[in-house]
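Structure record follows, encoded as structure tokens.
Derivation of every value follows stated rules applied to the coordinates shown; laboratory data play no part. This is a predicted model, so every value here is computed, not measured. Cβ placement follows ideal geometry from the backbone for every residue including glycine, while neighbour counts extend to all protein chains displayed.
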Ligand code: GNR
Ligand code: NI
């Protein structure tokens with residue numbers, strides 16, 4: 001197991017569109033295990049491969065209170081969406097920034113599991129929000145890019161200041 005470095009916004013590599021995983025093999029399972037370790041250590045409730053500079057369509061998440069329900073989604077696809085909801089989001093690639101984002105309330109997602117077997121889930125609540133947030137990462141999109149130009153400008157200034165302090 002290994003902790004992987006997480007890319008920080010506005011790193012341009014966060015805007016890479018990830019490619020489908022061609023084969024679910026030991027390498028992919030190792031990557032998923034390292035991503036899970038990285039997510040738990042951060043701590044976060046989800047992590048997309050894009051955030052650790054691997055541009056393959058793979059994400060891990062665990063929205064359980066006791067951090068015991070790891071879920072792995074390979075080549076996830078949103079099949080359908082219903083409703084709308086607004087909630088505050090954060091991102092391990094945008095540390096210290098929490099902003100309200102509009103999302104679909106429910107999503108039906110198809111993906112492959114760690115054995116390469118297809119499955120489908122109907123997600124709502126935090127799971128639905130987290131899946132949309134992570135699949136956005138795989139498409140090269142970071143949640144702050146849903147905000148107004150004014151807000152995004154302020155966030156960029158704040159992140160630049162933080163980077164100067166921690167450098
Ligand atoms: O840890 C995370 N928390 C979170 C809270 C609200 C909405 C989405 C998230 S995902 C985030 C981890 C992360 O950056 N995943 O990409
Ligand atoms: Ni994120």
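Across the stretch 95-130, what is the number of residues that are closer than 30 Å to residue 161 by Cα and touching a residue at least 40 places away in the same chain (Cβ under 8 Å)?
Adding up the residues that qualify gives 8.
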*asked:* So, in the stretch 45-75, exactly how many residues are within 16 Å of ligand 2 (Cβ to nearest atom), under 12 Å from the mean Cα position of the chain (by Cα) and in a strand (DSSP E or B)?
replied: 8
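Which is over 13 Å from the mean Cα position of the chain (by Cα) and assigned to a helix (DSSP H, G or I), of 2, 33? Steps first, please.
On the way: 2 fails: assigned to a helix (DSSP H, G or I).
Checking each option against the conditions leaves just 33.
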_Selection count where residues are touching a helix residue (DSSP H, G or I) at 6+ places or on another chain (Cβ under 7 Å) and surrounded by 14 or more Cβ atoms within 10 Å (Cβ to Cβ), scope the stretch 88-113_ = 14
*Somewhere in the stretch 27-35, is a residue over 20 Å from residue 140 (Cα atoms), surrounded by fewer than 19 Cβ atoms within 10 Å (Cβ to Cβ) and within 12 Å of ligand 2 (Cβ to nearest atom)?*
no
_Conditions (1) under 24 Å from residue 36 (Cβ atoms); (2) surrounded by 14 or more Cβ atoms within 10 Å (Cβ to Cβ); number of the one not met by residue 65_ = (2)
*Which ones in the stretch 1-26 are farther than 18 Å from residue 76 by Cα and free of Cβ contacts under 8 Å to residues at least 60 places away in the same chain?*
1, 2, 3, 4, 5, 12, 13, 26
*Collect the residues in the stretch 113-141 that are within 21 Å of residue 62 (Cβ to Cβ) and within 12 Å of ligand 2 (Cβ to nearest atom), keeping them in residue-number order.*
129, 130, 131, 132, 133, 134, 135, 136, 137, 138
*Every residue from the stretch 18-30 that is assigned to a loop (DSSP other than H, G, I, E, B) and either within 10 Å of ligand 1 (Cβ to nearest atom) or over 13 Å from the mean Cα position of the chain (by Cα) (or both)*: 20, 21, 22, 23, 24, 25
